[in-house]
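The numbers here are math on the coordinates, done by the rules we state, and not lab data. None of these values were measured; they are calculated from a predicted model. Don't worry about glycine lacking a Cβ; one is built from the backbone with ideal geometry, like all the others, and counts go over all protein chains shown.
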Amino acid sequence: MSKEAKPESMSLHPLGGGAEVTTEQEPLCVFGTGDMGRSLGQRLLQTGYKVAYGSRRPLGCGPVPQGAQVMSYADAAQLASVVFVCIHREHYGLMEKLSSQLKGKVLVDVSNNPEQNLYPEANAVYLQRLLPGSHVVKAFNTLSAWALQNGPSDACRQVYVCGNSAEAKQAVAEVATKMGLTVLDRGSLSASQELEDFPLQLFPEWRLPLQIAVGLTAFFFFYVLIRDVIYSYVDQGKDISFRIMVSLANKVFPIVSLIMLSLCYLPGVIAAFLQLYRGTKYRRFPDWLDRWMLCRKQLGLLALALAFLHVLYTLIIPIRYYVRFKSWEYVITQVKENQTSKFDTTVAWRSDSYLSVGILGFGLYVLLGITSLPSVSNALSWREFSYVQSKLGHVTLFLCTLHTYLYGWDRFLRPSTYKWYTPPGFMLSLVVPSVVLVLKVLLLVPCVDRSVTRIRRGWERTQPDEEKTLLT
């Protein structure tokens, strides 16, 4: 074995017949025996490290992972060159008393604050000021104790690291890598404030999709309320306000769901036409388009949730009092007048087609949601994931749009549909998905598809001025 390939924990010494002696790996130190300290220590032990805990009360600190040692802070600090500081900022004063034992050591600050802007400076910066002779690295604070205890799941593999010492960050990165985590270097210790604020953000990737969902839901709710309930009361003197609870909700949710599903695929279409216009894939998209594309998964999951609510509301239609009352009223009227309605084959075809297409669309909808889960997407190759999310995604959009068109049927041509000269909500919901599907069809035209494929493979359209420069 060459010197470069020799593991750090192995050293060869000539003993008699050339026997090999394995030197023990230096243990890691964890200050604090709280939830985070115990979970981190357990994960380090599972990785193969030896762990020594530092505690104010070594004999009464509570249970620690089996195989770890518990001792005073001073004794534990003597054993390791890398110390994980799992204590709250208000207890950093005791760290200052250990400045001589911690001099030259790497201190990994994993602390977080209960709220933003609680202190004038970041915890890691404060710790570095208290212990100028140590190398403070901010890391592991974006992982929860649960995630560490149960191993790195697909959603929490990333560890952000920042510090002023490249060697200290490298030492922490090696530990994180052996734990099965992905390390992202965020630069110097001045970035620690951003890392400490990150866990305090509430659904940062969901804010824009939630704002869109709430905005669309509010708009269409009041739009349908005006057209259905208020119009009936003003124009016909009927009070149908009870329909707000189920009927209006069952109109608004599918409308918003279809629009949000189409918003998942509209940025991809815009990006393709933008690349065609520019003739290259190497120019950055506008910031608004980048942000839009990054939240497509959240848009799709919210759209699926609304579609699921639409299914539930539809299933309870037969047990509603209003529906049962109207059904019995119609039957009694037919009996009293001795009339029989004729079976309409056209209506039957329309009804069955509408329901069948809706079921197929919702089935693919659920499939898209399942494949977006990290545990499922990680089991797929990139080509398989792209096929499901892109090809089947557009098929899902087509089926859901067709479902809405079949729902409308010939209502587009009836003057009574346009109450107060306004189109019904389902008509408005068809605008964006119809545009997306038409643009997608244009991109599938062979000549256009070839151009987009060439650009995405690295081909660039050379400008005339650039060609002259190259020739000269």
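Under a Cβ-only charge scheme (Lys and Arg +1, Asp and Glu -1), can you give me the dipole magnitude of the chain about the Cα centre, in debye to the nearest 20?
Values: 47 positive and 36 negative charges, 242 e Å.
My answer is approximately 1160 debye.
Could you tell me the calculated FRET efficiency between ASP352 and GLU205, based on Cβ-Cβ distance and R0 = 35 angstrom, to the nearest 0.05?
Values: r = 40 Å, r/R0 = 1.15.
Plugging the Cβ-Cβ distance into 1/(1 + (r/R0)^6) gives 0.30.
Just to check I understand the Karplus step: with θ = phi - 60° and J = 6.51 cos²θ - 1.76 cosθ + 1.60, what whole-Hz values come out for segment 264-279, glycine and proline as x?
For segment 264-279, the Karplus curve yields 5, 9, 5, x, x, 5, 4, 4, 5, 5, 5, 5, 5, 5, 7, x Hz.
For q = 0.07, 0.08, 0.13 Å⁻¹, what log10 I(q)/I(0) does the chain give under the Debye formula with an equal point scatterer on each alpha carbon and no solvent?
These q points yield log10 I(q)/I(0) values of -0.62, -0.75, -1.17.
Listing LEU439, LEU118, LEU107 from the residue with the fewest other Cβ atoms within 10 Å to the one with the most, what is the order?
LEU118, LEU439, LEU107
Sequence-distant or interchain residues sharing an amide H contact under 5 Å with GLN158, placed H: which?
Distant-sequence amide H within range of GLN158: THR182.
Which one, ILE255, VAL331, TYR405, is farthest towards the positive end of the dipole of the chain when Lys and Arg carry +1 and Asp and Glu -1 on their Cβ?
Of ILE255, VAL331, TYR405, it is VAL331.
Whole-Hz Karplus ³J(HN,Hα) for segment 378-385, in order, using 6.51 cos²θ - 1.76 cosθ + 1.60 and θ = phi - 60°, x for Gly and Pro?
Whole-Hz 3J(HN,Hα) from phi for segment 378-385: 5, 7, 9, 6, 4, 5, 5, 5.
Determine ³J(HN,Hα), in whole Hz, for all residues of segment 55-64 in sequence, where each value follows from phi through the Karplus function 6.51 cos²θ - 1.76 cosθ + 1.60 and θ = phi - 60°; x replaces Gly and Pro.
Here the 3J(HN,Hα) series is 9, 5, 10, x, 8, x, 8, x, x, 10 Hz.
Using helices alone, I'd like the mean residue ellipticity at 222 nm for the chain: each DSSP H run of four-plus residues gives -39500 (n - 2.57), total over residue count, nearest 500.
For the chain, the value works out to -16000 deg cm²/dmol.
Positive end of the charge dipole of segment 339-422 (Lys, Arg +1 and Asp, Glu -1 on Cβ, about the Cα centre): tell me which of ALA379, HIS394, SER341 has its Cα farthest that way.
SER341
Quick one: the Cα spread of segment 285-325 along its three principal axes, in angstroms, biggest first?
56, 13, 8
Exceeding 32 Å between C-alpha atoms, which entries from my cross-link table qualify? They are LYS97/LYS169; LYS97/LYS138; LYS50/LYS97; LYS281/LYS391; LYS138/LYS297; LYS251/LYS336. Don't skip to the answer; put the middle values down first.
Details: LYS97/LYS169 24 Å; LYS97/LYS138 21 Å; LYS50/LYS97 25 Å; LYS281/LYS391 21 Å; LYS138/LYS297 30 Å; LYS251/LYS336 34 Å.
Result: LYS251/LYS336 exceed 32 Å.
With charges set only on the Cβ (+1 for Lys and Arg, -1 for Asp and Glu), what does the dipole of segment 28-200 come to about its Cα centre, in debye to the nearest 20?
Using Cβ point charges on Lys, Arg, Asp and Glu, segment 28-200 gives about 520 debye.
On the first, second and third principal axes, largest extent first, how far apart are the outermost C-alpha atoms of segment 204-461 in Å?
76, 39, 36
Sorting PHE325, PHE140 on the 10 Å Cβ count, fewest up front, what's the list?
Listed from fewest to most nearby Cβ atoms, that is PHE325, PHE140.
Order of THR401, THR333, THR217 from fewest to most other C-beta atoms within 10 Å?
Exposure proxy ranking, most exposed first: THR333, THR217, THR401.
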